[in-house]
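Peer 1: After the C-alpha cells below, expect a handful of questions from me.
The values are calculated or read from the model by the stated rules, or taken from the named source; none is laboratory data. Note that the structure is a prediction, hence the values are computed from the model and not measured. Counting neighbours? That spans all protein chains shown, and the Cβs are built from the backbone with ideal geometry, glycine included. Please note that ligands, DNA and RNA were not included when accessible areas were found on the heavy atoms of the full protein model with its side chains. Shrake-Rupley method; radii C 1.70, N 1.55, O 1.52, S 1.80 Å.
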Amino acid sequence: MAIISTPDVSDDEFAMVNSTTLDSPAPVSYQTPKLISRPQPNQHPSKTNSDRAGDAVTDKPSTSRLDDSIFDSQTKDGGHTGFFQDNVTGLKNSVKSLYKKFTSKDILIAVMGMTGSGKTTFIANATGRTDLKIGHNLTSCTQEIQIIETIIDGRTVRFVDTPGFSDTYLSDTEVLEMIADYLSAGYSKEMRLSGIIYLHPISDNRVTHHATKNLDMFRKLTGEKNLKNVILATSMWDKVTPEEGLNRELELKNKFWSVFIAFGAQYCRQDTSAKSAKQIASMLMDNEPFYLELQEEMGKDNKALKDTAAGREIMSQLSLLKEQQQRELTEMKEMLLRTAAEENKAALAALEEHYKKMMHGMEKTISDERRMNEEAARSSDEKIKELTERIHKLEKKGSCVVIATFSGFGTADHNLHKLRRAPLTKFFSKLQITKLEPEIHKAVHLLCDKLLRFADKKEPFDLTSAYSCFTSDVIAEYCFGENLGFLQQDGIEPNFRRAIFSVLNTTYVFRFIPWLKTLASTVPYMAKYLSEDVRMLAETLNITIPTWIKETKAEMDAGIVRERETIFASLFRSNLPDEEKTIARFAGETVALFGAGTETTSWTLAVITYYLLTQPDILPKLTEELRTVVDDPKSLPPWSTLEQLPYLNVVMTEGLRLFYGVSARTARIATEEDLVYHGTWTPKGSKAPIILDYVIPRGMAIGMTSVIMHHDEDIFPDSHSFIPERWLVKGKQRRDMERSLFAFGKGSRQCLGMNLAYCELYLALTALIFRVYPHMQLYETTVKDVTYDHDLLVPVARGNGVRVVIT
Ligand code: HEM
C-alpha cells in the first residue's frame, strides 16, 4: 500500500506510488521474478519452455497463456486426454488438446474444489479411467487443467479437472490464470459448460480459511446467476463416522454454502462408487449450457483478468498478503539484528534461513502481482486496437464524428495517451515556442490594434472574445500554418469561442450519458433542426476541422513544404501507427488543442485585466517595472526577458491561481496499488483535528479540483482576493504555495501547452499595459463576472463576462 499524505494527488505521486512497490528490507538480494511468456502462434506449447533457455524455465508446470494454435494442434495419443511430456521439466502438460473436436452436442462439466477434495478420484470413478494420477494426501496432483472424456447414457461427457486454489505448488494467481486462459480462450469457440461439480471432503474437521477463500473465488468466477448449475458434493464419507459427517454437512449447508443454495445450487453426497459419480454428472447433463462469469468478463467484455471479479479478489488478497509479509519481514529483520548482537551463531543461522524463505514468499507475491498487471497491459494493447477499429468504422460510415476521446487529452488509457502525446511534445518545448515567438509578437500587436479600433465604435464589447481571437489565431497558425483571420477582421465576430463552448457544453451530458455520443453522429443530418450552438458544434467538428486536416494531407501529398513545419504536417510524418493518423483522430486532436489552447489563456488574460483595472495600486507598480526593459511598446523585449521581472511574474501567477486552469476533477487511477489517504480534518466548532486514514482501492478513479486547492486558506490566506504580493515570500511558504498551485496540472497529464501559454501571456499583458489599458474602461463588470460559478471543464463565471469600452 502506498500512503498519500496530502490531498493534492498528482501523477507524480502516482508514479512514485507505483515504483515503491515495497520498502524492501532486502539483505537477501531481490531478483526479478521469473516470468512466463505467452507462446508464440504456432509454437508447440511443450517447446515454449525449452526454447527459452535461461529465461523462464520454472520448476513448475507452465501456466503460459493459450492461443489459437492450441485449437489446431494434434496430440500424441490421439487427443483423448491430451497428456504429453514436457521436454524440460518432465511434467505432464495437457493444454494442447483441451479444445479439440469440441462440438455443441458434447457435455462439458467442470470439477472444482480445494486440493485434496477428491476431484481426480471423482473423475476416475465417472469415466472408469485407471491411469489418472490421484493424490493420497493434501499434496496436489492436478497442476494443469485436464480434460477426460467418457460416455454417459450414450452421450459424450467431458470432465474438466481443474487445480484447486490454496494448492501445494501453485499460487492462487497461477491457478486463476490457468483457469482463465482455458475459459476465456474457450469463449471464442463458444465452449459452454453444462454444469460444475464442487467437491468438499467431509473428512475435513473444520472449514479452514483456505476453504472459504476457495469458495469465494469459485463464486466469483462462476457468477451468481450460474450457481443454479452447480452441484455441491461432499466426498470422503468413508473417512468419517455418520454422526461426524452429519454435523459437518449441516454446518456446511447452513453456514458456508447457504448463499450458494439460496441461488439454486444443489447439494448431494458422493460415495466412492462409479455409480454415484455418474449419477451426479447426469444431474447436470440436461442443463442449458452457459458461460461462466469469468468467461463473459474476459471473452465478451474484453476485461483484463485483474479487472474481473475473481481477478480483483486475487489482487486484493495479494495486496493483503504483501502487507503481512512485509510486516513479518520487518519483525524478522529486527530479530536478526538482535540475535546478531547477542552473537548467538546457531540461532542466527536458523533465523537467516527462515528469513530467506520469507523473502522467497515475498518475491513470489510480487511476481504474481506483476504478472497480473502485465496481463492487463497486454489487454490494453488490445483495447487500443479496438478503439482504432472503431474510428475506422465511423469514418467508413461517412459520418466523421470527432469526439474528444480521439485526442490525447481525452484518452483515458495510459499507454495510448503516452503514444498520442509523444509526437506533440516537441512542439511545446521552451525552445520551440521561442522559435514561434516572432509570430506571437505580431499577433500581440494585431490584438492591440484591433482593440484600439473599438475606440471608433464607442460600444462595449466582450473582452474575453477579443482575447480569444488572439489565442485562436496563434494556435491555428501553429497547427496548420494559417491563422483564422480573427485578429484582422473588424469586430470580434465570428470567433471560435462559441464553437468551443458548444463542445464544452456537451462534456457533462456525454460524461454522464455516454450513449448520447452516438447521437452526435446524426447531427450533420439534423443540423438544420437544431439550435445555433449545436449547429456550430456539428459544423466545426464534422466539416471545418476535418477539412483543414484533409488540406494539410493534400498539401503534403503534393510535396509542398512550409518554412516552419506545422503540427499536423509533422503528425502525418511522425512514426505514429497508420491507424492513429486518420482524419477523425487528428480532428479530435485539433478540437483538444483549440479547446485547451484558446479559452484558457484568453480567460486568464481577462481575469488579470479585470484586477489590474480595479485595483489601482498594482498597475503603476507593474508599469514601472516594465519600463526597465521596454523602450518602445511596439517592439517588445523577448519573453525570456519579461519572465525575469519579479512583479510581472507574481501578477501572472496570482492570475493563474484565480483562473484555476482546468476546474473539473480530472480523474486519476492508481492501477497497481491501493492508496492510503492520510490527512486530518477539523470539524466545525472544534479545535482538535481528527486524523483520517482511508484506503482507496486500486482501480478507483479519484480526482481533485484546483478550485478547492487554490482556496486552501492555510496556504493562501484571504484566498478570494487578488494579492500578487503573496507570492513574494521565500522558503517553505513559497514552496507550499507552488505545490498547491495546480493551474497547469501536474505529472504526465500536465498541460502540454504551458510554455505557449506563458509566452502569450507575458507578451500580450506587456503590450496591453502600454498600448491599450490607458484607453480601456470596464463596462458594467463586477467581481462576479470573473468569479468561479460552475465548471464546464474550464471555470465559468456567473455574470456577463468582462465587458469594456475603449475611448
Ligand atoms: C493559461 C493557460 C492554460 C492553462 C491554465 C492550462 C491548463 C491545463 C491543465 C490544468 C491541463 C491538465 C488537465 C488534466 O489534468 O488532465 C491541461 C492540459 C492540456 N493543455 Fe493546457 N492550459 C493552458 C493553455 C494551453 C495552451 C495554450 C495549450 C496549447 C495547445 C494547451 C494544451 C493542452 C493540452 C494539449 C493538454 C492535454 C495534455 C495531455 O493530457 O497530455 N493548454 N491544460
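Peer 1: How do the pairs read when you match residues in region 211-223 that are assigned to a helix (DSSP H, G or I) with residues anywhere that are among the basic types (Lys, Arg) and open to solvent by 40 Å² or more (accessible area, probe 1.4 Å), using Cβ under 9 Å and keeping only pairs 6 or more apart or on different chains?
Peer 2: Between residues of region 211-223 that are assigned to a helix (DSSP H, G or I) and residues that are among the basic types (Lys, Arg) and open to solvent by 40 Å² or more (accessible area, probe 1.4 Å), the close pairs are Lys220/Arg312.
Peer 1: Quick check: anything in region 338-348 among the β-branched types (Val, Ile, Thr) and at pLDDT 80 or above? Spell out the reasoning first.
Peer 2: The first filter runs over region 338-348 and keeps only residues among the β-branched types (Val, Ile, Thr), leaving 339.
Remaining after also requiring at pLDDT 80 or above: 339.
There is at least one residue in region 338-348 that is among the β-branched types (Val, Ile, Thr) and at pLDDT 80 or above.
Peer 1: Among what's in region 405-427 and is charged (D, E, K, R) and more than 10 Å from the ligand (Cβ to nearest atom), pick the residue that is least open to solvent (accessible area, probe 1.4 Å). Can you show your working first?
Peer 2: Going through region 405-427, the residues charged (D, E, K, R) turn out to be 413, 418, 420-421, 426.
Now narrow it down to the ones that are more than 10 Å from the ligand (Cβ to nearest atom): 413, 426.
Details: Asp413: 45, Lys426: 119 Å².
Top of the filtered list is Asp413.
Peer 1: Test Val662 against the criterion of being in contact (Cβ under 8 Å) with a residue 24 or more places away in the chain, surrounded by 23 or more Cβ atoms within 10 Å (Cβ to Cβ) and within 16 Å of the ligand (Cβ to nearest atom), and give yes or no.
Peer 2: Working: in contact (Cβ under 8 Å) with a residue 24 or more places away in the chain: yes; surrounded by 23 or more Cβ atoms within 10 Å (Cβ to Cβ): no; within 16 Å of the ligand (Cβ to nearest atom): yes.
So Val662 does not fit the description; no.
Peer 1: Could you run through region 261-287 and say how many residues are touching a strand residue (DSSP E or B) at 6+ places or on another chain (Cβ under 6 Å) and more than 23 Å from Thr121 (Cα to Cα)?
Peer 2: Number of matching residues: 1.
Peer 1: Given the options Leu305, Leu329, name the one that is open to solvent by less than 20 Å² (accessible area, probe 1.4 Å) and under 30 Å from Thr222 (Cα atoms). Working first, answer last.
Peer 2: On the way: Leu329 fails: under 30 Å from Thr222 (Cα atoms).
Residue meeting the stated conditions: Leu305.
Peer 1: Checking Cys751 against (1) in a loop (DSSP other than H, G, I, E, B); (2) crowded, with 20+ Cβ neighbours inside 10 Å; (3) of a type in the set (A, V, I, L, M, F, W, C), only one condition comes out false. Which one?
Peer 2: (2)
Peer 1: Tally up the residues in region 702-726 that are within 16 Å of the ligand (Cβ to nearest atom) and open to solvent by 60 Å² or more (accessible area, probe 1.4 Å), please.
Peer 2: 1
Peer 1: Condition test on Lys430, is it of a type in the set (Lys, Arg) and within 13 Å of the ligand (Cβ to nearest atom)? Full working, then the answer.
Peer 2: Numbers: of a type in the set (Lys, Arg): yes; within 13 Å of the ligand (Cβ to nearest atom): no.
Taking the combined requirement at face value, the residue does not satisfy it.
Peer 1: What's the total number of residues in region 600-612 that are open to solvent by 10 Å² or more (accessible area, probe 1.4 Å) and not aromatic (Phe, Trp, Tyr)? Quick ask: steps written out before the conclusion?
Peer 2: Let us first name the residues in region 600-612 that are open to solvent by 10 Å² or more (accessible area, probe 1.4 Å), namely 600, 603, 610-611.
Keeping just the survivors that are not aromatic (Phe, Trp, Tyr) gives 600.
Residues meeting the conditions: 1.
Peer 1: Among Gly164, Gly186, which is under 38 Å from the mean Cα position of the chain (by Cα), at pLDDT below 85 and assigned to a loop (DSSP other than H, G, I, E, B)? It would help to see each step written out before you state the result.
Peer 2: Numbers: Gly186 fails: assigned to a loop (DSSP other than H, G, I, E, B).
Step by step, each of Gly164, Gly186 is checked, and only Gly164 is under 38 Å from the mean Cα position of the chain (by Cα), at pLDDT below 85 and assigned to a loop (DSSP other than H, G, I, E, B).
Peer 1: Looking only at residues that are buried (at least 18 other Cβ atoms within 10 Å of the Cβ) and of a type in the set (A, V, I, L, M, F, W, C) in region 310-326, which one is farthest from the chain's Cα centre (by Cα)?
Peer 2: Looking at residues that are buried (at least 18 other Cβ atoms within 10 Å of the Cβ) and of a type in the set (A, V, I, L, M, F, W, C), I get Leu321.
Peer 1: Here's another thing I want to ask about it. Report whether or not Phe770 is within 24 Å of Gln615 (Cα to Cα), open to solvent by 30 Å² or more (accessible area, probe 1.4 Å) and in contact (Cβ under 8 Å) with a residue 60 or more places away in the chain. I'd like the intermediate steps shown before the answer.
Peer 2: Values: within 24 Å of Gln615 (Cα to Cα): yes; open to solvent by 30 Å² or more (accessible area, probe 1.4 Å): yes; in contact (Cβ under 8 Å) with a residue 60 or more places away in the chain: yes.
For Phe770, the condition - within 24 Å of Gln615 (Cα to Cα), open to solvent by 30 Å² or more (accessible area, probe 1.4 Å) and in contact (Cβ under 8 Å) with a residue 60 or more places away in the chain - is met.
Peer 1: Ok, one more. List, please: which pairs have Cβ atoms under 8 Å, are six or more places apart or on different chains, and start with a residue in region 678-706 that is more than 24 Å from Leu741 (Cα to Cα) and of a type in the set (Ser, Thr, Tyr) and end with one that is open to solvent by 40 Å² or more (accessible area, probe 1.4 Å) and assigned to a strand (DSSP E or B)?
Peer 2: That search, which allows pairs on different chains as well, returns Tyr694/Tyr677.
Peer 1: Against the definition (within 32 Å of the chain's Cα centre (by Cα), farther than 30 Å from His414 by Cα and open to solvent by 20 Å² or more (accessible area, probe 1.4 Å)), how does Thr628 come out, yes or no? Steps first, answer last, please.
Peer 2: Details: within 32 Å of the chain's Cα centre (by Cα): no; farther than 30 Å from His414 by Cα: yes; open to solvent by 20 Å² or more (accessible area, probe 1.4 Å): yes.
It is false that Thr628 is within 32 Å of the chain's Cα centre (by Cα), farther than 30 Å from His414 by Cα and open to solvent by 20 Å² or more (accessible area, probe 1.4 Å).
Peer 1: Further question on the same structure: Could you tell me how many of the residues in region 209-266 are open to solvent by less than 10 Å² (accessible area, probe 1.4 Å), over 20 Å from Gly195 (Cβ atoms) and within 45 Å of the chain's Cα centre (by Cα)?
Peer 2: Of the residues in that region, 1 qualify.
Peer 1: State all residues of region 267-304 that are over 34 Å from the mean Cα position of the chain (by Cα), at pLDDT below 90 and of a type in the set (A, V, I, L, M); if no residue qualifies, say none.
Peer 2: Selection gives Ala274 alone.
Peer 1: State which residue is farthest from the ligand (Cβ to nearest atom) when the search covers only region 741-771 and only residues that are modelled with pLDDT of 95 or more and of a type in the set (Ser, Thr, Tyr).
Peer 2: This residue is Thr766.
Peer 1: Oh, and also: Given the condition modelled with pLDDT of 85 or more and of a type in the set (A, V, I, L, M), answer yes or no: does some residue in region 130-145 qualify?
Peer 2: The first filter runs over region 130-145 and keeps only residues modelled with pLDDT of 85 or more, leaving none.
No - not one qualifying residue is present in region 130-145.
Peer 1: On to the next question. Output yes when any residue across region 727-742 is in contact (Cβ under 8 Å) with a residue 60 or more places away in the chain, more than 38 Å from the chain's Cα centre (by Cα) and open to solvent by 30 Å² or more (accessible area, probe 1.4 Å), and no when none is.
Peer 2: yes
Peer 1: Still on this structure: Is there any pair linking a residue in region 356-377 that is of a type in the set (Ser, Thr, Tyr) and in a helix (DSSP H, G or I) to one that is crowded, with 18+ Cβ neighbours inside 10 Å and modelled with pLDDT of 80 or more, with Cβ under 7 Å and at least six apart or on different chains, and which?
Peer 2: Filtered contacts from region 356-377: Thr365/Leu318; Thr365/Leu321; Thr365/Lys322; Thr365/Gln325.
Peer 1: Additional query: In region 576-629, which residue that is in contact with a Pro (Cβ under 8 Å, 6 or more places away or on another chain) and closer than 23 Å to Leu792 by Cα is farthest from the ligand (Cβ to nearest atom)? Give the steps one after another, and end with the answer.
Peer 2: As a first pass, look at region 576-629 and keep what is in contact with a Pro (Cβ under 8 Å, 6 or more places away or on another chain): 576, 583-584, 587, 603, 618, 625, 629.
With closer than 23 Å to Leu792 by Cα added as a condition, the list becomes 587, 603.
Values: Ala587: 14, Trp603: 8 Å.
Per the stated criteria, the residue is Ala587.
Peer 1: Go through region 342-352 and report how many residues are in a helix (DSSP H, G or I) and open to solvent by 70 Å² or more (accessible area, probe 1.4 Å).
Peer 2: Adding up the residues that qualify gives 4.
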